[in-house]
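Just so it is clear, none of the values below were taken in a lab; they were calculated from the coordinates. Not measured: the values here are computed from a predicted model. Using ideal geometry, Cβ is built from the backbone for each residue, glycine included, and neighbour counts are taken over all protein chains shown.
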Amino acid sequence: MAKRSEMMTRELPRWLSSLLIVGTVATVVLLEMKRPLRRSRQDKLERDLRNGAFAVLAAATVALAEKPVTAPMALAVQRNRWGLLPALRLPRAAELVLSVLLLDYTLYVWHYLTHKIPFLWRFHKTHHVDLDLDASTALRFHPGELLLSVPWRAAQVRLLGISPLGLAIWQTLTLMEIMFHHANLRLPLGLERRLCRLIVTPRMHGIHHSTLRAETDSNWSTIFSWPDRLHGTLRLNVPQQEITIGVGAYQDPAELTLGKVLELPFAPERPWSDRERGPLSRPAGRLAG
């Protein structure tokens with residue numbers, strides 16, 4: 001028991017986490033150049049620099065505000081056997097798998113709330129106003145949103161009973177998956193139809209970044225697609241060429257500079273467009289090309 005507890009208090013080796021993340025980034029970026037799914041609307045270099053600045057701000061916020069809370073919390077959870085998972089006394093492998101599944105599900109709930117609670121949407125909107133969608137968008141989050149998510153993340157760890165190892169595995173998998181499903185990557189349609197039965201894919205998540213509210217209000221999952229299937233929020237039948245990326249009220253690139261986007265949460269809110277898409281030929285659960 002002591003040996004098991006000691007292992008669960010460890011995080012993933014830094015070299016392994018870095019290798020997985022850097023490998024995912026390199027693979028996705030290379031494939032984006034070879035097999036783009038959508039035509040870019042903005043200058044790629046300019047967008048990458050802007051989104052890179054957001055990524056630096058996000059990483060600093062996580063390092064300074066989230067990690068000092070969640071890391072000690074996970075260690076205390078493991079040592080004191082707080083929360084749901086320690087109470088179940090599962091085998092180590094089962095506890096780690098369930099940690100990832102439950103963290104992913106509760107992140108689905110948080111993502112839903114960032115769209116449905118107007119104050120949270122003001123900050124999350126930073127992620128959605130990007131006029132193109134690619135791997136760099138995965139790192140584009142307002143520091144304010146990340147600060148607001150710290151109590152939620154702490155509650156996830158404390159109430160679910162997440163160990164340091166379980167938290168580290170989930171964080172690594174989440175970063176790898178968001179880089180993948182935000183990618184401007186055209187996978188073979190048959191392959192993606194099979195993949196999206198299990199995980200979130202580029203076409204699936206592209207629908208979530210549509211300017212149409214009914215489409216944005218779908219596909220909230222992060223790693224696995226089952227939370228959307230469970231709650232009836234899965235939508236797959238929108239052809240990618242018919243999607244306009246972004247938020248309808250913010251389609252002018254001149255309004256989307258780094259400084260102006262950082263100010264967005266504090267600016268007057270603009271109404272959503274009520275426009276809806278006409279009837280589609282495929283059922284909602286059938287992925288379109």
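When the pairs Lys34/Lys125; Lys34/Lys67; Lys34/Lys260; Lys44/Lys125 are compared against a 27 Å limit on Cα-Cα distance, Lys34/Lys125; Lys34/Lys67; Lys34/Lys260 fall above it.
Fewest neighbouring Cβ atoms within 10 Å first, the residues Val25, Val157 line up as Val25, Val157.
Which order do Trp110, Trp152, Trp220 fall in if you start with the one that has the fewest other Cβ atoms within 10 Å?
So the ranking, lowest neighbour count to highest, is Trp152, Trp110, Trp220.
Cβ-to-Cβ counts within 10 Å put Asp134, Asp48, Asp228 in ascending order as Asp48, Asp228, Asp134, the fewest first. With respect to the chain, whose longest principal axis is taken over its alpha-carbon atoms, helix 44-61 is tilted by about 30°. Restricting the range 79-123 to trypsin sites (Lys or Arg not before Pro) that sit in a DSSP loop and have at most 11 other Cβ atoms within 10 Å of their own Cβ leaves Arg89. For a modelled paramagnetic label at Arg39, 7 Å from Cα along Cα-to-Cβ, the residues of the range 223-264 in reach, with backbone nitrogen under 15 Å, are 240-245. In the chain, the longest principal axis of the Cα atoms and the axis of helix 92-116 are about 40 degrees apart.
Given +1 on the Cβ of Lys and Arg, -1 on the Cβ of Asp and Glu, and no further charges, what dipole in debye does the chain carry about its Cα centre, rounded to the nearest 20? Mind showing how you got there, number by number?
Values: 37 positive and 25 negative charges, 179 e Å.
Once rounded to the nearest 20, the dipole reads 860 debye.
Placing unit charges on each Cβ (+1 for Lys and Arg, -1 for Asp and Glu) gives the chain a dipole about its Cα centre, and among Ala154, Pro253, His127 the Cα reaching farthest toward its positive end belongs to Ala154.
With R₀ fixed at 25 Å, the C-beta to C-beta distance from Ile21 to Ala94 puts the FRET efficiency at about 0.45. With each label modelled as a point 7 angstrom along the Cα→C-beta vector, the Ala55-Phe119 pair spans 3.2 nm.
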